[in-house]
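The values are calculated or read from the model by the stated rules, or taken from the named source; none is laboratory data. Worth saying up front: this structure is predicted, and the values here are computed from it rather than measured. Counting neighbours? That spans all protein chains shown, and the Cβs are built from the backbone with ideal geometry, glycine included. Ligands, DNA and RNA are excluded from the accessible area calculation, which covers all protein heavy atoms including side chains. Shrake-Rupley method; radii C 1.70, N 1.55, O 1.52, S 1.80 Å.
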Amino acid sequence: MSDKVQTYTDERADTAQSDEQTTETEEESVDELVCPECAGSLATDTEHGETVCEDCGLVVDEDSIDRGPEWRAFDSREKDEKSRVGAPTTNMMHDKGLSTNIGWQDKDAYGNQLSASQRQKMQRLRTWNERFRTRDSKERNLKQALGEIDRMASALGLPESVRETASVIYRRALSDDLLPGRSIEGVSTAALYAAARKAGTPRSLDEISAVSRVEKDEIARTYRYVVRELKLEIQPADPEQYVPRFASDLGLSDEAERRARQLLQTAKEQEVHSGKSPVGLAAAAVYAASLLTNEKVTQSEVSEIANISEVTIRNRYHELLEAEESIHMP
């Protein structure tokens with residue numbers, strides 16, 4: 001009986017001690033929520049990371065760290081979509097960048113060279129890793145095509161956004177079963193050509209075919225087929241979109257570039273551009289603008305930059321000047 005009483009007494013003592021500690025903690029938390037100077041209420045300024053007294057303006061705490069994410073989510077689905085672990089996914093890789101890559105450098109984490117046996121082991125691991133990353137023929141096809149798109153885009157100086165768009169177009173063509181009877185290189189080139197035009201950074205068919213492994217006619221034929229089947233909304237190429245690149249490559253001033261744009265706008269108003277190659281019109285406008293601003297460049301230089309014959313430049317040049325003169329005539 002005495003043992004039970006002792007146990008009960010000990011439990012009561014422990015409970016009293018814990019209640020005492022809780023009370024002290026609550027008092028401390030209350031002290032933390034009031035200003036140490038005037039006992040006024042505190043407010044947290046999340047924008048500046050400060051805790052300020054609302055009464056006297058004392059800054060009690062500053063440089064507080066926001067440990068939450070930089071995004072907001074309003075439901076569980078949105079939270080799952082925005083949650084990130086590791087590198088962002090990308091359509092420019094066949095597995096969207098989710099698989100593991102083994103680096104080609106034969107070095108350990110400290111930068112030291114690996115021994116011969118370790119190098120052999122790493123090479124075997126790289127080989128098997130490459131084999132495991134592509135499970136079937138469809139993935140091997142996609143991997144080859146995306147590699148082609150990246151190679152051609154690098155050669156043409158196209159931005160990453162265009163490569164991403166081209167990758168999405170090719171994925172759609174692959175999922176819609178548009179590839180049978182056509183080469184991987186042809187469809188990937190057509191996807192890149194379409195993506196460049198869609199992004200407002202067009203490249204001519206001659207420029208595209210120069211870096212592609214297929215002929216110009218096949219690229220044009222495949223492009224028309226892909227655009228028709230995927231119902232891509234691509235506006236006709238605007239000659240003005242070529243002007244900045246041509247002017248930059250020729251080292252012309254901003255005034256010459258602006259003058260070339262004015263010539264093309266006048267040609268559109270007079271409907272001179274109808275049925276004409278946008279590349280030829282842009283090259284002729286740049287050539288004419290260089291003469292009008294006394295920054296003379298030769299027709300052969302413009303022809304080499306634009307990959308257009310000098311005859312085409314001369315013909316379009318006269319048409320642009322005639323359109324310009326017709327506006328100023330009484």
Out of all Cα-Cα pairs in segment 120-247, roughly what percent, to the nearest whole number, are more than 17 Å apart?
58 percent
Counting each DSSP H run of 4 or more residues in the chain as -39500 (n - 2.57), what helix-only mean residue ellipticity at 222 nm follows after dividing by all residues, to the nearest 500 deg cm²/dmol?
-19500 deg cm²/dmol
Could you look at segment 208-301 and say what percent of its accessible area is carbon and sulfur, using a 1.4 Å probe and all protein chains?
41 percent
Burial-style ranking of 167-178, 182-193, average other-beta-carbon count within 10 Å with highest first, yields 182-193, 167-178
Can you list the HN-Hα couplings for segment 165-171, worked out from phi with the Karplus curve (6.51, -1.76, 1.60; θ = phi - 60°), rounded to whole Hz and with x for Gly and Pro?
5, 4, 5, 5, 4, 5, 4
With θ taken as phi - 60° and the coefficients 6.51, -1.76 and 1.60, list the Karplus ³J(HN,Hα) couplings across segment 261-269 in order, rounded to whole Hz; mark glycine and proline as x.
5, 4, 4, 5, 5, 5, 4, 5, 5
When the Kirkwood hydrodynamic radius is evaluated over all pairs of different C-alpha atoms of segment 104-173, what value in angstrom, to one decimal, is obtained?
14.7 Å
Per-bin percent of Cα-Cα distances, the chain [20 Å]
20, 31, 26, 16, 5, 1, 0
Which ³J(HN,Hα) values, rounded to whole Hz and listed in residue order, are derived for segment 126-136 from phi using the Karplus coefficients 6.51, -1.76 and 1.60 in 6.51 cos²θ - 1.76 cosθ + 1.60 with θ = phi - 60°, glycine and proline given as x?
4, 4, 5, 5, 5, 5, 6, 6, 10, 7, 9
Treating the beta-carbon of each Lys and Arg as +1 and of each Asp and Glu as -1, no other charges, what is the dipole magnitude of the chain about its Cα centre, to the nearest 20 debye?
3860 debye
Can you list the residues of segment 93-122 with backbone N under 19 Å from a point 7 Å past the Cα of E139, pointing along Cα to Cβ?
93-103
Student exercise, segment 78-220 dipole from Lys, Arg, Asp, Glu Cβ charges, in Debye to nearest 20:
520 debye
Relative packing of 306-313, 278-285, 35-42, which averages over residues the other C-beta atoms within 10 Å, highest first
278-285, 306-313, 35-42
Averaged over every viewing direction, what's the projected area of the C-alpha convex hull for segment 238-320? Give it in nm², one decimal, please.
4.4 nm²
Candidate residues D55, D61: accessible-area rank, largest first, probe 1.4 Å
D55, D61
Set the Förster distance to 45 Å, then compute FRET efficiency between Q123 and V211 from the Cβ-Cβ distance, nearest 0.05.
0.90
Please pull out the direction-averaged projected area of segment 56-201, using the convex hull of its alpha-carbon atoms, in nm² to one decimal place.
16.8 nm²
Could you please state, rounded to a whole Å, how far the C-alpha centre of segment 223-298 is from the C-alpha centre of segment 89-146?
43 Å
I'd like to check one number: the per residue accessible area of the chain, probe 1.4 Å, reported in Å² as a whole number.
65 Å²
Which order do peptides 99-111, 197-209 fall in by mean Cβ count within 10 Å, highest first?
197-209, 99-111
Quick shape summary for segment 178-316, equivalent ellipsoid via Cα gyration tensor, semi-axes whole Å in descending order, reads 30, 16, 12
